[in-house]
Amino acid sequence: MPDLIAASGLVKIYKSRKSEVRALDGVDLNVPEGTVLGLLGPNGAGKTTTVRILATLLKPDAGHATIAGHDVVREPDAVRSLIGLSGQYAAVDENLTGSENLWLFGRLYRLRSAEAHARADELLEQFDLVDARDRVVKTYSGGMRRRLDLASALIGRPRLLILDEPTTGLDPRSRLGMWDVIRGLVRDGVTLLLTTQYLEEADELADMIAVVDHGKIIARGTADDLKSQVGGERIEVVVRDRASVEAARELLARDAGGDTTFDEHTRKLTVPAHGGAQTLVQVVRDFDDAGIHIDDIALRRPTLDDVFLALTGHATVADDLTADGRPSDGRAA
Amino acid sequence: MTANRTSAAGANRSRAGSAVTDGLLVGWRNLKRIPRIPELAIFAILQSIMFVLLFVFVFGGAIPIPGGGDYKQYLMPGIFAQTIVFAAATTAIGMTDDINKGIIDRFRSLPMSRTAVLTGRTFSDVIYNAGILVVLILTGFILGWRVESLPALIAGFALLLFFAYRMAWLGVWLGLNVPTVEVGQQVIFIVLFPITFISNVFVPLQGLPTWLQPFAEWNPTSTLTASLRQLWGNPSPVISDSLAATQPILVTIGWVVLIIAIFGPLGVRRYRSMSR
């Protein structure tokens, strides 16, 4: 199946008086129709810039991209009729009601008035906004706004849905609700490009993940592929007495057979455990026999946080501002 | 707002047709907001009424009209003109606000006409200003201001709206060029204050220094005000026999056409270059 998104060598440079920020530094992307790509990275990594280029809102300085074969720079109108975009900041009109917003965007998407009304009703139903349909959006909660924003992106039944940090700023319950909604859309066969700074979110929703950092894609694969890059499961032990750290370390080395790391601050020892749960049982027995008191012990799978740390050498939370003091990944245009 | 019966994407709809439809849709959206933020219109009207009261009762007594005449009759056309000039601020701030709230990004990601956001904005702001003018004209009548005839009133009203359209395009361009609403407010008033006050709106030009008189006389705000005074039979003292003084209506129409011819394309170009 041909790729719905095909982008290669995308470069975007933001110039200011003093400095030059390479927001994108050669990004290649291919997303087959019917799949979900998660673009994962910290603030300022270049996720939003990538999305804005693919959504025809921004022109790349180099490279090119096509959506279903239509060039985003040369054929923006064709691209726009294929995509639905839901951004980081809920871009719906605060002073219109939910149903007025959807009708307006439907009409601008070239639906006839009756069609736009019907489609709006359908989406209000689907996104649990029926009760709020005639209220102005100003009175909506954050989660409701996001759902309306997503509904707006879907009004024209796009072949490609682009969601830029769909759950940033939502409370945990709204986030789970949003995930359900997105999973539902994916089940219905929409192709999805999703950006997120939450590793868990990419893990939950995406078929393939591309990790972005400093304008480059530094790794790609399934969540499992990425996790296996940092090794398998690991055992974490928190010892009660600092004095028993050395004994504990020796024990772990013998049972698990790998390099142990020790975090002074949390008194936590970490060791790769290739034997999984069996190793854990052995470790618990040996600690007990040796009389080493422990506060906590766990077998943990690597998270994408570990992946990120391993790949970039820094954690996922990065500086919010670029060199020129502008919100980095944001709406610089 | 008719759409041909075509495919779902309405591909056969002509470009011009969809530009008009989309412009009307954006205009509809802007107008829908007005009753939902009534403060905007209320304060615009109150501000103008405040100027009327201030000048009629406080400053007016100190401003003699060359050739005689009642200051109130002199002032009202100027107040209408001033209101329309200030309206550019509302347009600009509305535009900047839409950009900052991401609505413009939404519009730009839709397969809609690319000028519709601007034509819709200018169209709806003219309608909005028409509403404000009606309230002010009624207020003027209550205060004792009079015009010569109804046709003259209608002609003057039409000229005001034509001028409002020009101010809207200026406002759109300003709004597209400022980064935030706050900066917008500052910049706009720096632009609008000289246009408004170095004019014949509040004071006859005779009192201005000679070097400033030509600017004030040819200032579009002055020519508009002079046009209204002439049309309505309100006192309209002139300082020279220049075209601006003798044919203010013609000059005003010329100004409107010129400014739209400049700022219309500039605004559209700026809007399109947002993707850079």
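Among the residues of the range B:101-115, which ones are farther than 15 Å from A:Ile53 by Cα and either more than 8 Å from every other protein chain (Cβ to nearest Cβ) or acidic (Asp, Glu) (or both)?
Of everything in the range B:101-115, those that are farther than 15 Å from A:Ile53 by Cα and either more than 8 Å from every other protein chain (Cβ to nearest Cβ) or acidic (Asp, Glu) (or both) turn out to be B:Ile104, B:Ser113, B:Arg114, B:Thr115.
Out of B:Ser113, B:Ser109, B:Ser149, B:Ser124, I need the residue that is among the small types (Gly, Ala, Ser) and in contact with a strand residue (DSSP E or B) (Cβ under 6 Å, 6 or more places away or on another chain). Which one?
B:Ser109
Tell me, yes or no, whether the range A:40-52 has at least one residue that is modelled with pLDDT of 95 or more, under 15 Å from B:Leu110 (Cβ atoms) and within 14 Å of chain B (Cβ to nearest Cβ).
No, the conditions are met nowhere in the range A:40-52.
Using beta carbons and a limit of 9 Å, which pairs, at least six apart or on different chains, have the first residue in the range B:237-253 and without any contact (Cβ under 8 Å) to a residue 12 or more places away in the chain and the second one part of a loop (DSSP other than H, G, I, E, B)?
From residues that are without any contact (Cβ under 8 Å) to a residue 12 or more places away in the chain, the pairs are B:Thr246/B:Val238; B:Thr246/B:Ser240.
Only one of these is at pLDDT below 95 and assigned to a helix (DSSP H, G or I): B:Gly156, B:Gly175. Name it. Outline the logic, then answer.
On the way: B:Gly156 fails: at pLDDT below 95.
Testing whether each residue is at pLDDT below 95 and assigned to a helix (DSSP H, G or I) leaves just B:Gly175.
Among the listed residues B:Leu243, B:Leu224, identify the single one that is surrounded by 13 or more Cβ atoms within 10 Å (Cβ to Cβ) and modelled with pLDDT of 95 or more.
Of the residues listed, the single one that is surrounded by 13 or more Cβ atoms within 10 Å (Cβ to Cβ) and modelled with pLDDT of 95 or more is B:Leu224.
Quick one: which residue in A:Val72, A:Val21 is closer than 25 Å to A:Leu111 by Cα and more than 21 Å from the chain's Cα centre (by Cα)?
A:Val72
Being surrounded by fewer than 13 Cβ atoms within 10 Å (Cβ to Cβ) and touching a strand residue (DSSP E or B) at 6+ places or on another chain (Cβ under 9 Å) is the filter here; which residues of the range A:1-22 pass it? Give the derivation first.
Filtering the range A:1-22 for residues surrounded by fewer than 13 Cβ atoms within 10 Å (Cβ to Cβ) gives A:1-2, A:15, A:17-20.
Correct list: A:Met1, A:Pro2, A:Lys15, A:Glu20.
Quickly run through the range B:33-85 and pick out the residues that are more than 14 Å from chain A (Cβ to nearest Cβ) and outside any helix (DSSP H, G or I).
Our first condition is that a residue be more than 14 Å from chain A (Cβ to nearest Cβ); within the range B:33-85, this holds for B:42-85.
Answer for the range B:33-85, where residues must be more than 14 Å from chain A (Cβ to nearest Cβ) and outside any helix (DSSP H, G or I): B:Ile63, B:Pro64, B:Ile65, B:Pro66, B:Gly67, B:Gly68, B:Gly69, B:Asp70.
Could you say which residue among B:Thr210, B:Thr196 is among the polar types (S, T, N, Q) and buried (at least 18 other Cβ atoms within 10 Å of the Cβ)?
B:Thr196
Give the residue, chosen from B:Ile104, B:Ile127, that is buried (at least 20 other Cβ atoms within 10 Å of the Cβ) and either more than 15 Å from the chain's Cα centre (by Cα) or assigned to a helix (DSSP H, G or I) (or both).
Of B:Ile104, B:Ile127, the one residue that is buried (at least 20 other Cβ atoms within 10 Å of the Cβ) and either more than 15 Å from the chain's Cα centre (by Cα) or assigned to a helix (DSSP H, G or I) (or both) is B:Ile104.
So, in the range A:249-267, exactly how many residues are at negative phi, outside any helix (DSSP H, G or I) and touching a helix residue (DSSP H, G or I) at 6+ places or on another chain (Cβ under 7 Å)?
Keep residues of the range A:249-267 that are at negative phi, which gives A:249-256, A:258-266.
Filter once more, keeping what is outside any helix (DSSP H, G or I): A:258-266.
Those still in the list that are touching a helix residue (DSSP H, G or I) at 6+ places or on another chain (Cβ under 7 Å) too: A:260, A:262.
Result for the range A:249-267: 2.
For the range A:86-141, name all the residues that are aliphatic (A, V, I, L, M), under 13 Å from B:Arg29 (Cα atoms) and at the interface with chain B (Cβ under 8 Å from one of its Cβ atoms).
Listed by number, the residues that qualify are A:Val92, A:Leu96, A:Leu104, A:Leu108, A:Val136.
Any residue that is touching a residue at least 12 places away in the same chain (Cβ under 8 Å), more than 7 Å from chain B (Cβ to nearest Cβ), at negative phi and of a type in the set (S, T, N, Q) - is there at least one of those in the range A:76-83?
No, the conditions are met nowhere in the range A:76-83.
The values are calculated or read from the model by the stated rules, or taken from the named source; none is laboratory data. Note that the structure is a prediction, hence the values are computed from the model and not measured. Note that we place each Cβ from the backbone using ideal geometry, even for glycine, and neighbour counts take in every protein chain shown.
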